[in-house]
1. Answer yes or no: is there a residue in segment 123-139 that is farther than 30 Å from Lys193 by Cβ, open to solvent by 20 Å² or more (accessible area, probe 1.4 Å), charged (D, E, K, R) and modelled with pLDDT under 90.
2. I'd like the full set of residues that are assigned to a strand (DSSP E or B) and open to solvent by 70 Å² or more (accessible area, probe 1.4 Å), limited to segment 169-217.
3. Does Leu145 fit the bill of being open to solvent by 50 Å² or more (accessible area, probe 1.4 Å), closer than 17 Å to Gly74 by Cα and aliphatic (A, V, I, L, M)?
4. Whether any residue in segment 10-20 is assigned to a loop (DSSP other than H, G, I, E, B), crowded, with 17+ Cβ neighbours inside 10 Å and of a type in the set (D, E, K, R) is what I want to check.
5. On the basis of being in a strand (DSSP E or B), at pLDDT 95 or above and under 30 Å from Leu114 (Cα atoms), does Val87 make the cut?
6. Applying the selection to segment 21-48, what residues are farther than 20 Å from Ala90 by Cα and surrounded by 14 or more Cβ atoms within 10 Å (Cβ to Cβ)?
7. So which of Thr32, Thr39 is in contact with a Gly (Cβ under 7 Å, 6 or more places away or on another chain), over 28 Å from Gly224 (Cβ atoms) and either at pLDDT 90 or above or not in a loop (DSSP other than H, G, I, E, B) (or both)?
Amino acid sequence: IFDFAAEGAKAIVNGDDDKLRTLKSREDLDCTTFGMEKTNDVYARTVENLGLDGLKCNISTPAGDFSAHIHIPGMHMVYNALAGTCVGLACGLTLKEIKTGIEKAETISGRNHLIHTENYTIMDDCYNANPMSMKASLDVLATALGRKVAILGDMGELGANERALHYTVGEHAAKKNIDLLLCVGTLSEEIAKGAKAKNPSMNACVFTTKEELLEKLPELLLKGDSI
């Protein structure tokens, strides 16, 4: 991409990546790096995990420092905020304007979308799931405070290895110390198998249909659960 960029083009790259940070040495690019390491132009000085309520971080830039509350959970969102800060500075925004932009960022339905109800905190991340996105969702759920419940369904269009790929999601759930794993569908049975193989004491249930799950949910969920 950068071999064909216009002369003097601005490059904004993840400086924590050992390959991307080499762009800093190119004289034909105006390169800005971001990341967690202090060697970057823009970096996070401190990060406080607030569970499913997101993160608070202090961001250091050549123009000064500011703190921001990122309302979307997951450490990857800190990198997104840092990248956005770089773009904001390149476009001439003030630190106050950048902070406001970060704090107003929202998710869309089906993508890491948080729903707070009287009894539960629900993370709706059900749009077109694949093994990588499902594992990432479990990573975010693992940051939640209190009991963690994962309700996972079948993933489609995965080809010949579909059962093995579901199995690996179960193994990942076991590593993340999910308290209750509810699997719905024929392929999702493999998720439960993978979880049990990794952690025999894991609380994992399998349901053939959503209707079967819905009938049992009231007795499985507890007030305060993150789901």
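1. Looking through segment 123-139, none of the residues is farther than 30 Å from Lys193 by Cβ, open to solvent by 20 Å² or more (accessible area, probe 1.4 Å), charged (D, E, K, R) and modelled with pLDDT under 90.
2. Residues satisfying the conditions do not exist here.
3. Values: open to solvent by 50 Å² or more (accessible area, probe 1.4 Å): yes; closer than 17 Å to Gly74 by Cα: yes; aliphatic (A, V, I, L, M): yes.
Here the answer is yes, as Leu145 does meet what is asked.
4. yes
5. Values: in a strand (DSSP E or B): no; at pLDDT 95 or above: yes; under 30 Å from Leu114 (Cα atoms): yes.
No.
6. The answer is Val47, and nothing else.
7. The unique qualifying residue is Thr39.
This table checks each residue for (1) under 26 Å from Cys57 (Cα atoms); (2) in contact with a strand residue (DSSP E or B) (Cβ under 7 Å, 6 or more places away or on another chain); (3) in contact (Cβ under 8 Å) with a residue 40 or more places away in the chain.
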| site | (1), (2), (3) |
| --- | --- |
| Phe2 | no, yes, no |
| Gly8 | no, yes, no |
| Val13 | yes, yes, no |
| Arg21 | yes, yes, no |
| Asp28 | no, no, no |
| Glu37 | yes, yes, no |
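The values are calculated or read from the model by the stated rules, or taken from the named source; none is laboratory data. What you are looking at is a predicted structure, and each value in this text was computed from that prediction instead of being measured. Heads up, the Cβs are rebuilt from the backbone with ideal geometry, glycines too, and the neighbour counts pull from every protein chain shown. Remember, those area values only see protein heavy atoms, side chains included, never the ligands or the DNA or RNA. Shrake-Rupley method; radii C 1.70, N 1.55, O 1.52, S 1.80 Å.
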